[in-house]
Structures are given as C-alpha cells and as structure tokens.
Amino acid sequence: MSQELILIGRAFVNGNLKETEIGISEGKITYVGPSAGRGDRRIDLGSNRIILPGGVDPHVHFRDPGMTHKEDFGTGSASAISGGITCVLDMPNTIPPAVDRETVVEKKARLRKRSYCDYGLFAAITANSRPSKVADLVAGYKLFMGSTTGKILTNDDNVIADMVGEVMNLGKVLSVHAEDDNMILKGTERNCTDHLRNRPAAAEANAIRRLSKFKGGKINICHLTTVEGLNLAKSYGFTTEVTLHHIMFSSDRGSDAKYKVNPPLRESAAREALFKAFEQGEITMFGSDHAPHALSEKENEFDLAPSGMPGVETTLPILMNTVRKGTLPLSRVVEMCSTAPARVFGMNKGSVEVGKDADFSVFNLQNRKEIKGDCLHSKAGYTPYEGREAVFPDMVLLRGEMQLKDGEFCGETMGADIIG
C-alpha cells in the first residue's frame, strides 16, 4: 500500500486561493481540507507559494517520430514539465503521420516510457482515414484545412463532411487548423508581412464557415488569430484555442523567421482585438502550438524557413508573470491552461478536486526570471520570448511524484498515455 502524501499551503480550489491540505495516494487526490495530522509524508509549502492544478497543453508538436532532430518526446516532455505542464496532446503531422491504426499503434509503442509528462495522441483526418478504427487509441482528431508542416491537408468539402460526421458520431473532439487552403497564396516571402499577405485572415473565417453544418458539434478551433474567427466559432458552439504568440506578437517582426508561423502573426489592430477578447474571457483555452525547428532551419532565407515556434515551456510562466503584475486574474490562467482543456478533452485532470489526478504546479510569484533560450529544455535552443520576464514553477508533481523540485528538473519518464 502506497504512503499518503500531504501538501500543505495555499491552493487554488473551487475558483479561489485558500489555505488547505491536499491528500495524495496512488496518484490521486484523496481529500482537500484539514487532514487532522494524517499522512505519512507532509510537505509544507509555506505562505509564499501557491498550488495550482498541473497545466494541460492541448496542442504540441513533439516531432516524434521522424523529425527528432527538432524535438523528441523526451526533450519535449521535459520542457513541458519545466513550464508547469503535466499533460500534453501531441499532433499527428509527424513522419509518418498518425493517420490509421498501424501508424498510431507504432507511435504509441515508441513513446511508451519515454515521456516525463502524461500525454494523449491525435490522429489526422484524411481522405483515406477511418476515424472509427482508431477511436480507442486517441484523445482526439486533427483536421488540417490549410497546408502546413507535413502532407495531410484535407480541404475537400465532401471528404470533410464524411470524416467530420464520423468523428462527431464517435463523441471525440475534432481540433481544426482553420485556414481555407483555397485562399492561401504562394507568393515569395521575405518577411512576416509577406507571410501574412499569403495567408490572409479571410482564410481563417472561411474555413470556420465551411464547418457551420456541424454547429454544436465537439469541434475545437485551434490557434485563432482574429476576432471574426472567434465570433464565428462561438456562434457555432465550437470551443476555441489561442496561442500566446498570436496575442503577443504582430506581423511587424521583419525578416526574422523565428516569428514565421502558421497561421501567421496578424497586424497590430487584429492582435490587439484578439488580446482584448482574451482578457474578457471569450476564448476557451490556451494551446502553445509548440512547434520547434532547428535553429539552422530557422536561419535559412525567410521563404525557405519552416513555420512554427517553441512555446510549451514558456506559455504558463509568462502568464503567471502577468498574474504577478496584477494585470491578469489567476482564475483566468487556471481555467484556460488547466481546467478548460481537461474538461474539453475529457481528462481526469485540471482541478484540485478529490478523485482527480494529483498533478500540481507550485509557483512563488516573487521568483521571476528572465527567459533565456539556451536554458530551456527543448532541442530548439531558442525562444521568441528571449529576455522577457516569467515566473517558472518551483515544484511540479505528476500523479503525486516529484518531477521538478526547487526549480530544478528531477523527473523520471513516468508519463502515461491518458488513453492507455
């Protein structure tokens, strides 16, 4: 019988910070409240730190298999843990892409005992896929309506209607890269402004409109970049996801390909409007869209450089710094980075509640640091947030086991597939 662990301190429970004790046994939360001296092991976190549910990132590209020179599940999951993320959902556009039972089974076998955080996999929707064949293996499905890294574009309305209808009947979530590929231009690109011109905001809105027949279905619109797209998605009853880079950066980043990403960074006015919608709580959740490439690839001419940027280790710490400064309520961060993604994807995670997985990220809001790319755990070795202030976690527990202590990574590859 496993020993009972007690965490003592200020925890985010039922929407508020409160002094409490949290009992943990066999990887689950056993009680929240006075312990009356119970527990074989007791960790008093004091009054300066706060205990949050572990972060859930519903959108990462850990590049495993096939592109492990960019990232693998070991480095990606270490990066996640170091940023307070205890569970990730990995996208299917790898080599080979996860599109059918064979490729998904092979990927799952490859990742077993190689991850420091819990994880789930997506399967891609293509003309030749049969979603029902992998329903017991995946956390969700991904539809790429716009071309991006990998060759799993699905932009035919007849195919989309067939495949999405099948997914809806399975009760699983369909996450969508919503850019209408018919509206994506192929012009030469020398900078972020050119990239924006080739991938206009209208492509996002039109892709979402094409999904209107599935109104009320379990569809999640990934990495939204415009308020128009957000309002359309909400009107159809879809959940929505935003990245930190789309609310922080504009298309005025020049020729630095570290800021080349799909969908592209928008002009300042669109970014500011999206940021305001985020502040007002109109977006369901954050997803980092962690998509690392080798620095040598990003240093190519802009037109040749791949799209994507790392972010799984920095998203939550940057948001926690805004909490420290008093510009963002803690409740918004917990909801969008933990509770909402866990709820949307049906995980037993995301809140400090009896019966939930004992995943915690512990922060001292006074312990702010400057972000340095070469100190992060991703193979990328760079970050678009270089030099910015952040509050990284002091401690991270995965199902009650310490993966980060005193700000230092100490993890073991105990991460499990949430689907089994």
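The values are calculated or read from the model by the stated rules, or taken from the named source; none is laboratory data. All figures in this text were calculated on a predicted structure; none of them were measured in a lab. Neighbour counts run over all protein chains shown; Cβ positions are idealised from the backbone, glycine included.
Structure summary
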{"item": "Qualifying residue in the stretch 30-49 (condition: within 25 Å of Pro341 (Cα to Cα) and in contact with a helix residue (DSSP H, G or I) (Cβ under 8 Å, 6 or more places away or on another chain))", "result": "no"}
{"item": "Count of the stretch 384-420 residues which are free of Cβ contacts under 8 Å to residues at least 24 places away in the same chain and buried (at least 20 other Cβ atoms within 10 Å of the Cβ)", "result": "0"}
{"item": "Boolean, Arg190 is in the same structural domain as Ala161 (by TED's automatic domain parsing), farther than 30 Å from Ala342 by Cα and crowded, with 21+ Cβ neighbours inside 10 Å", "result": "no"}
{"item": "Selection within the stretch 162-198 - outside any helix (DSSP H, G or I), touching a strand residue (DSSP E or B) at 6+ places or on another chain (Cβ under 7 Å) and either farther than 21 Å from Val261 by Cα or of a type in the set (Phe, Trp, Tyr) (or both)", "result": "Lys172, Val173, Leu174"}
{"item": "Failed item in (1) at pLDDT below 95; (2) assigned by TED's automatic domain parsing to the domain that holds Leu330, with Thr94 passing the rest", "result": "(1)"}
{"item": "Selected residue (only one of Gly287, Gly281, Gly381, Gly373 is buried (at least 24 other Cβ atoms within 10 Å of the Cβ) and of a type outside the set (Lys, Arg))", "result": "Gly287"}
{"item": "Residues satisfying the stated conditions in the stretch 18-69, i.e. among the polar types (S, T, N, Q) and part of a strand (DSSP E or B)", "result": "Thr20, Ser25, Thr30"}
{"item": "Candidates Glu386, Glu353, filtered to the one that is more than 19 Å from the chain's Cα centre (by Cα), under 23 Å from Leu89 (Cβ atoms) and not aliphatic (A, V, I, L, M)", "result": "Glu353"}
{"item": "Some residue of the stretch 351-361 being of a type outside the set (D, E, K, R), farther than 21 Å from Val13 by Cα and in contact with a strand residue (DSSP E or B) (Cβ under 8 Å, 6 or more places away or on another chain)", "result": "no"}
{"item": "Members of the stretch 370-383 that are basic (Lys, Arg) and in contact (Cβ under 8 Å) with a residue 24 or more places away in the chain", "result": "Lys379"}
